[in-house]
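Values in this text are rule-based calculations from the coordinates and carry no lab data. This is a predicted model, so every value here is computed, not measured. Here the Cβ is made from the backbone with ideal geometry for all residues, glycine too, and neighbour counts use every protein chain on show.
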Amino acid sequence: MNAMDLTPLVVGFLVFSRMAAMLMALPVTGNQGVPKMVRMAVALPLAAILYPTATRAHVPATVPDLVVCSLGEVAMGVAMGFAVALFTGAVAMASELISNKIGLTMAQMLDPMTGTHGSTLGALAQVLATGLFFGLDMHLGCVRALGASLLTVPPGMVMAPLAAGPVLFDVAASVIALGAQLAGPMIFFTLVVNLSLMVLGRMAPGLQLFFSIGPLVTIGLGLLVLGLTLPVMLQVEATALQGVWAPVARIVEAMGGG
């Protein structure tokens, strides 16, 4: 078998490397609760489907070149998936801020999907974020984005693997601002409630309102207001998720040396 016969296999491996790396970084398929074999089972057929788009692929001539090209493909896939994961994490960040302010962080639980400890409200946020991910067809958008990346930067032609860093920093800053924006109304509400209880406690020191019924009032009213504002928060998050493809395109262009 001559070297030319190995070209489809090498190109397919490069496409698979980019696809598998993106699946490992996405918020759903990248969770610890998803077995590695499931990711491989998903990545293989998707790589086969997207293989015809890799018409301008660079075929490495030696094994060291193949290793370098594979690492570049993995870097691009991880960067693309991580950008999407950052955007979906805005709801989780907001939920942890809200939990801390209304007093729900006293009850911690282990999330089997991420392997981390968090509040019950944070676990609910993960479920809602997953629902938004599939409800907005983000999984299909990720496949389309990776297919477009194969046309913009063909397999084996990732020139600047570290160029995604500045773009990811910008995405992280936007997500932090979004999380603070989502949690802002609840933080302001808890501040008003706590100040009101402090004033009432000063007016009637014998009742000890701030320490006796303060946590119950804060948690009860906080959950009530959260239930009323949750649809608006999810709508804002959905709008933000739909804008993730611009940073993803910037990452692809930057890593391609553009």
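How much length is gained if the chain between residue 181 and residue 71 is pulled fully straight, taking 0.36 nm per residue apart and subtracting their Cα-Cα distance, in nm to one decimal? Working shown, then result.
Values: separation 110, 0.36 × 110 = 39.60 nm, distance 3.68 nm.
Result for the pair: 35.9 nm of gain on full extension.
Helix 120-135 against the longest principal axis of the chain: what's the angle in degrees, Cα atoms only, rounded to the nearest 10?
Roughly 40 degrees, rounded to the nearest 10.
Work out, step by step, the length gained on full extension between residue 198 and residue 242: first 0.36 nm times the residue separation, then minus their alpha carbon distance; give nm to one decimal.
Working: separation 44, 0.36 × 44 = 15.84 nm, distance 4.24 nm.
Computed gain between residue 198 and residue 242 is 11.6 nm.
Need one number: nm distance between label points at residue 49 and residue 139, each 7 Å from Cα along Cα→Cβ, rounded to one decimal.
1.1 nm
Can you work out ³J(HN,Hα) from phi for every residue in segment 14-24, in order, using Karplus 6.51 cos²θ - 1.76 cosθ + 1.60 and θ = phi - 60°, giving whole Hz and x for Gly and Pro?
3J(HN,Hα) across segment 14-24, in whole Hz: 5, 4, 4, 4, 5, 5, 5, 5, 5, 5, 6.
Enter the angle in degrees (range 0 to 90, nearest 10) between the Cα long axis of helix 63-102 and the first principal axis of the Cα atoms of the chain, meaning the one along which they spread out most.
10 degrees
Of (i) 15.5; (ii) 13.3; (iii) 14.3, which is the value of mean projected area of the Cα convex hull in nm² derived from the coordinates here?
Identified label for the calculated read-out: (i).
Can you tell me the order of 185-192, 126-133 when each peptide is scored by its average per-residue count of other Cβ atoms within 10 angstrom, highest first?
Values: 185-192: 15.8, 126-133: 17.6.
Averaged packing, sorted descending, gives the order 126-133, 185-192.
Which one, 83, 100, 28, is farthest towards the positive end of the dipole of the chain when Lys and Arg carry +1 and Asp and Glu -1 on their Cβ?
100
Mind putting a number on the dipole of the chain about its Cα centre? Charges go on the C-beta only, +1 for Lys and Arg and -1 for Asp and Glu, and I need it in Debye to the nearest 20. Please list the in-between numbers first.
Details: 8 positive and 9 negative charges, 58 e Å.
The dipole of the chain has a size of about 280 debye.
Between residue 58 and residue 168, how high is the FRET efficiency from 1/(1 + (r/R0)^6) when r is the Cβ-Cβ distance and R₀ = 22 Å? Nearest 0.05.
The formula returns an efficiency of 0.35 here.
Just to confirm the number: angle between the C-alpha axis of helix 36-50 and the first principal axis of the chain, 0 to 90 degrees, nearest 10?
Value to nearest ten degrees: 50.
Quick one: which of 245-254, 9-18 comes out on top by average Cβ neighbours within 10 Å, and what's the full order, highest first?
Values: 245-254: 19.3, 9-18: 21.0.
The densest-packed peptide leads the list: 9-18, 245-254.
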